[in-house]
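Asks: Starting off with a structure, shown below.
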Amino acid sequence: MKIGLVSCSKAKKGYICSAREMYSESNTFRLSLEYLEKTCDKIFILSAKHGLLDLEDTIQPYDETLVEKPVAERRKWADEVILKLKEKTDLEKDKFIILAGQKYNEFVLEHIKKFQLPLEGLTMFKRVPKLKEMIKDLGNETRLIHQIVNEMPRLTWDEIDNLAFTNGIYIIFEKGESYYDLDRIVRVGTHKADGRLG
């Protein structure tokens, strides 16, 4: 299952409403949510005040951020987020797409086995153009091929001898290489040799 995590925003509505609506004043939040809704099975919000929120949780306006909090407080916040995530997701098997700043994911990532950070290293001013590009790219053929192949079963090199067939193509991924929220294909080919895939 794919899980989307998006951080809260400084810009907020001035009244009690759902978390989805509360942060919709922010372009970055709106575009992040649009992208995650098109790519993920479940989405949660990382809130500086509330920890982990469902999109439809009702909250009041507040003025709080993780950016200026000391390390100990940020770590405590992350521990509480992880406790809630454990109740709602599988931290070992689920793949997490995280659209949040470094302060929001720094202590969360150490508990998650599979994750992608499509906005990693980008300043606030560069995130909106990047998100627009990512959303536009959702419909292209390259992404479709990556998505289909990402969902196929995978073998490591030491498992290739257990294949039940002798003809076909191979597709290789490499750890750390990504195509937005997907593992990036780094090689496709065939290998013709006696007793080998070809």
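The values are calculated or read from the model by the stated rules, or taken from the named source; none is laboratory data. Bear in mind the structure is a predicted one, so any value in this text is a computation, not a measurement. Note: ideal-geometry Cβ built from the backbone for every residue, glycine included; neighbour counts use all protein chains shown.
Asks: Just to verify a result, which residue in region 59-76, among those that are surrounded by 15 or more Cβ atoms within 10 Å (Cβ to Cβ) and under 22 Å from Leu122 (Cα atoms), is modelled with the highest pLDDT?
Replies: Ranking the qualifying residues of region 59-76, first place goes to Arg74.
Asks: Now for a different question. Does Lys84 satisfy the criteria of being of a type in the set (Lys, Arg), at pLDDT below 95 and either in a loop (DSSP other than H, G, I, E, B) or touching a strand residue (DSSP E or B) at 6+ places or on another chain (Cβ under 8 Å) (or both)?
Replies: Details: of a type in the set (Lys, Arg): yes; at pLDDT below 95: no; either in a loop (DSSP other than H, G, I, E, B) or touching a strand residue (DSSP E or B) at 6+ places or on another chain (Cβ under 8 Å) (or both): yes.
Criteria not met by Lys84.
Asks: Here is a check on your reading of the model: is Phe125 assigned by TED's automatic domain parsing to the domain that holds Glu64, modelled with pLDDT of 85 or more, under 30 Å from Ser26 (Cα atoms) and not in a helix (DSSP H, G or I)?
Replies: Values: assigned by TED's automatic domain parsing to the domain that holds Glu64: yes; modelled with pLDDT of 85 or more: yes; under 30 Å from Ser26 (Cα atoms): yes; not in a helix (DSSP H, G or I): no.
It is false that Phe125 is assigned by TED's automatic domain parsing to the domain that holds Glu64, modelled with pLDDT of 85 or more, under 30 Å from Ser26 (Cα atoms) and not in a helix (DSSP H, G or I).
Asks: Then there is this: Looking at this structure, is Asp41 out of contact with any helix residue (DSSP H, G or I) (no Cβ under 6 Å at 6 or more places or on another chain) and surrounded by 13 or more Cβ atoms within 10 Å (Cβ to Cβ)? Give the steps one after another, and end with the answer.
Replies: Details: out of contact with any helix residue (DSSP H, G or I) (no Cβ under 6 Å at 6 or more places or on another chain): yes; surrounded by 13 or more Cβ atoms within 10 Å (Cβ to Cβ): no.
Answer is no for this residue.
Asks: Considering each of Ile160, Ile148, Ile169 in turn, give the residue that is of a type in the set (A, V, I, L, M), out of contact with any helix residue (DSSP H, G or I) (no Cβ under 9 Å at 6 or more places or on another chain) and at pLDDT below 75.
Replies: Working: Ile148 fails: at pLDDT below 75; Ile169 fails: at pLDDT below 75.
Step by step, each of Ile160, Ile148, Ile169 is checked, and only Ile160 is of a type in the set (A, V, I, L, M), out of contact with any helix residue (DSSP H, G or I) (no Cβ under 9 Å at 6 or more places or on another chain) and at pLDDT below 75.
Asks: Have a look at Glu56, Glu21 and point out the one that is surrounded by fewer than 15 Cβ atoms within 10 Å (Cβ to Cβ), farther than 18 Å from Lys130 by Cα and more than 18 Å from the chain's Cα centre (by Cα). Working first, answer last.
Replies: Values: Glu21 fails: surrounded by fewer than 15 Cβ atoms within 10 Å (Cβ to Cβ).
On inspection, the qualifying residue turns out to be Glu56.
Asks: Just one of Thr65, Thr142 is within 22 Å of Tyr35 (Cα to Cα), among the β-branched types (Val, Ile, Thr) and without any contact (Cβ under 8 Å) to a residue 60 or more places away in the chain; which is it? Full working, then the answer.
Replies: On the way: Thr65 fails: within 22 Å of Tyr35 (Cα to Cα).
Just one listed residue meets the conditions, Thr142.
Asks: Surrounded by fewer than 19 Cβ atoms within 10 Å (Cβ to Cβ) and in the same structural domain as Ser26 (by TED's automatic domain parsing): which single residue out of Leu117, Leu85 fits that description? Reasoning before the result, please.
Replies: Numbers: Leu85 fails: surrounded by fewer than 19 Cβ atoms within 10 Å (Cβ to Cβ).
Answer to the selection: Leu117.
Asks: Part of a helix (DSSP H, G or I), in the same structural domain as Gln116 (by TED's automatic domain parsing) and not β-branched (Val, Ile, Thr): does that describe Glu25?
Replies: On the way: part of a helix (DSSP H, G or I): no; in the same structural domain as Gln116 (by TED's automatic domain parsing): yes; not β-branched (Val, Ile, Thr): yes.
Considered against the rule, which asks whether it is part of a helix (DSSP H, G or I), in the same structural domain as Gln116 (by TED's automatic domain parsing) and not β-branched (Val, Ile, Thr), Glu25 comes out as no.
Asks: Being among the aliphatic types (A, V, I, L, M) and either more than 25 Å from Leu182 (Cα to Cα) or in contact with a Cys (Cβ under 8 Å, 6 or more places away or on another chain) (or both) is the filter; apply it to region 3-18 and report the residue that is surrounded by the most Cβ atoms within 10 Å (Cβ to Cβ).
Replies: To start, the set of residues in region 3-18 that are among the aliphatic types (A, V, I, L, M) comprises 3, 5-6, 11, 16.
Filter again for either more than 25 Å from Leu182 (Cα to Cα) or in contact with a Cys (Cβ under 8 Å, 6 or more places away or on another chain) (or both), leaving 3, 11, 16.
Details: Ile3: 23, Ala11: 13, Ile16: 11.
By that ranking, first place goes to Ile3.
Asks: Quick one: in region 172-198, which of the residues that are at pLDDT below 70 and not charged (D, E, K, R) is nearest to Asp94 (Cα to Cα)?
Replies: Tyr180
Asks: Quick test of your reading of the structure: Gly101 fulfils all but one of (1) farther than 23 Å from Phe173 by Cβ; (2) surrounded by 18 or more Cβ atoms within 10 Å (Cβ to Cβ); (3) at pLDDT 95 or above. Name the failing condition by number.
Replies: (3)
Asks: Does at least one position in region 42-56 carry a residue that is farther than 25 Å from Asp181 by Cα, of a type outside the set (D, E, K, R) and not in a strand (DSSP E or B)?
Replies: Narrowing region 42-56 to residues farther than 25 Å from Asp181 by Cα: 49-50.
Okay, now just the ones that are also of a type outside the set (D, E, K, R), so 50.
Of the ones still in play, those that are also not in a strand (DSSP E or B) are 50.
Yes, region 42-56 contains a residue that is farther than 25 Å from Asp181 by Cα, of a type outside the set (D, E, K, R) and not in a strand (DSSP E or B).
Asks: State whether one or more residues within region 88-98 are within 24 Å of Lys175 (Cα to Cα), more than 14 Å from the chain's Cα centre (by Cα) and of a type in the set (Phe, Trp, Tyr).
Replies: Looking through region 88-98, none of the residues is within 24 Å of Lys175 (Cα to Cα), more than 14 Å from the chain's Cα centre (by Cα) and of a type in the set (Phe, Trp, Tyr).
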